[in-house]
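Following: one structure in structure tokens, then a few remarks.
The numbers here are math on the coordinates, done by the rules we state, and not lab data. Worth saying up front: this structure is predicted, and the values here are computed from it rather than measured. A quick note on method: Cβ atoms are made from the backbone with ideal geometry, for glycine too, and the neighbour counts reach across all protein chains shown.
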Amino acid sequence: MQQRLQERKQQHLYRYRKTISSACGAEVNINNKAYIDFSSNDYLGLANHPLVVETLKKSAQKYGVGSGASHLVSGHSDAHERLENEIATLTGRDRAIVFSSGYMANLGVISAVFGKGDFIFEDKWNHASLLDGGLISGARFQRYLHNDISNLKSHLDKNKLGNHNSTQQTLIVTDGVFSMDGDIAPLKELASTAEKNQAVLMVDDAHGFGVLGENGLGCAELLNLNQQQLPILMATFGKALGTYGAFVAGSNALIESIIQFSRNYIYTTALPPALMDATRCSLRLLQEESERRVQLRYNIQYFRSEAKLLNLPLSDSQTPIQPLLVGSSERVSQLAKKLEEAGVLVGAIRPPTVPKNTARLRITFSAAHKQEHIEALLECLKQQKSFFKKADQ
Ligand SMILES: *Cc1c(COP(=O)(O)O)cnc(C)c1O
């Protein structure tokens with residue numbers, strides 16, 4: 001162990017945890033020092049919203065803290081049912097099911113439905129949990145180039161030759177919004193490619209749900225994809241909704257298959273019922289406080305226009321995830337440390353999370369950020385501009 005740990009340090013890939021001693025928000029505390037946080041996924045500022053907190057408290061008074069068992073034993077409550085029904089209605093799907101986390105949902109749905117003899121095609125930059133789900137399913141598993149429909153098609157065509165029987169299933173799976181780049185997958189094209197190839201499309205909308213679309217219902221709403229076009233819709237509660245957990249929505253057969261066959265669903269304790277009520281409160285706030293999405297969009301646009309003036313290496317992302325490419329792991333660690341010393345927290349993302357030589361700052365925006373927070377961030381980035389030199393050239 002020691003040798004591997006030492007190597008990781010030498011490669012500037014060592015990870016450290018910051019210990020936060022305040023609630024999630026635009027400003028957080030570490031060791032009695034205040035920081036502006038541009039690294040959380042609390043896009044709408046709901047993680048510490050008074051109504052969500054109050055709902056959690058009230059519901060805990062009724063249900064207690066723990067659910068006490070897994071869903072198939074005695075952990076499944078009417079609070080879980082209410083949330084599932086509400087999500088099905090909101091997303092226009094037949095049914096929805098709640099998982100303990102997004103990671104579990106992705107492993108659980110893929111391996112419950114797909115297995116030996118099936119084919120799975122994944123975007124190269126998919127979230128680790130989707131890749132792991134594909135691997136443990138036992139299906140034949142291939143990755144296509146990022147957002148590259150023609151590369152996906154050539155993978156599909158190659159695998160058509162020879163092996164085709166009626167029970168063989170094909171899954172195409174992608175992030176809706178890519179977690180390290182913030183770009184949106186070409187879901188319309190993926191849906192029509194899936195249809196032409198009798199494949200099933202699955203989208204992980206962890207970063208789109210709550211943020212994108214007229215009502216904040218994510219990529220499926222933004223691009224108007226119904227259940228037939230997008231049969232497996234997955235999203236999480238731990239990001240824009242500010243709570244914890246995840247859901248999968250789709251046909252009755254899909255949800256029943258999960259209940260019957262998904263090991264990641266069956267063999268784990270159900271989430272606390274109070275958390276289900278808190279999540280329903282967040283869903284209600286998506287509608288009632290839609291100005292949060294307006295503020296978030298404003299914050300993103302303001303940052304982008306100012307960063308452009310500073311010639312910072314912006315990507316094309318229009319979502320709250322704004323990466324700034326640095327390149328080397330060593331430099332990105334140094335840069336993040338400089339910003340931290342100045343009181344600004346941003347993600348320093350290095351391999352293996354992203355490809356080699358593409359280490360970057362991952363700056364995330366929230367409706368909770370005020371103008372002065374963004375100004376402070378821009379000022380820090382301006383002072384550290386020399387770190388971006390390489391990416392400029
Ligand atoms: C965060 C994330 C997950 C995991 O969700 P958790 O609820 O945190 O386990 C899955 N997929 C994507 C794209 C994510 O960003």
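Screening ALA60, ALA47 for residues that are part of a loop (DSSP other than H, G, I, E, B), touching a residue at least 12 places away in the same chain (Cβ under 8 Å), within 18 Å of CYS281 (Cα to Cα) and not polar (S, T, N, Q) leaves exactly one candidate, ALA47. Filtering the stretch 327-352 to residues that are over 30 Å from VAL294 (Cα atoms) and assigned to a strand (DSSP E or B) leaves only GLY327. On the given criteria, is GLY66 more than 12 Å from the ligand (Cβ to nearest atom), outside any helix (DSSP H, G or I) and touching a helix residue (DSSP H, G or I) at 6+ places or on another chain (Cβ under 9 Å)? Against the criterion (more than 12 Å from the ligand (Cβ to nearest atom), outside any helix (DSSP H, G or I) and touching a helix residue (DSSP H, G or I) at 6+ places or on another chain (Cβ under 9 Å)), GLY66 qualifies.
Can you tell me which residues in the stretch 250-264 are closer than 17 Å to HIS76 by Cβ and under 19 Å from the mean Cα position of the chain (by Cα)? The answer is ASN264, and nothing else. Across the stretch 292-310, the number of residues qualifying as closer than 15 Å to TYR43 by Cα and either over 22 Å from the mean Cα position of the chain (by Cα) or of a type in the set (Ser, Thr, Tyr) (or both) comes to 1. Within the stretch 113-165, the set of residues being in a strand (DSSP E or B) and of a type in the set (Phe, Trp, Tyr) comprises PHE119, PHE121, PHE141, TYR144. Taking the conditions exactly as written (under 25 Å from GLY66 (Cβ atoms), surrounded by 17 or more Cβ atoms within 10 Å (Cβ to Cβ) and away from the ligand (no atom under 15 Å from the Cβ)), does ARG263 satisfy them or not? Against the criterion (under 25 Å from GLY66 (Cβ atoms), surrounded by 17 or more Cβ atoms within 10 Å (Cβ to Cβ) and away from the ligand (no atom under 15 Å from the Cβ)), ARG263 does not qualify. Number of residues in the stretch 191-210 that are over 19 Å from ASN126 (Cα atoms) and within 14 Å of the ligand (Cβ to nearest atom): the value is 1.
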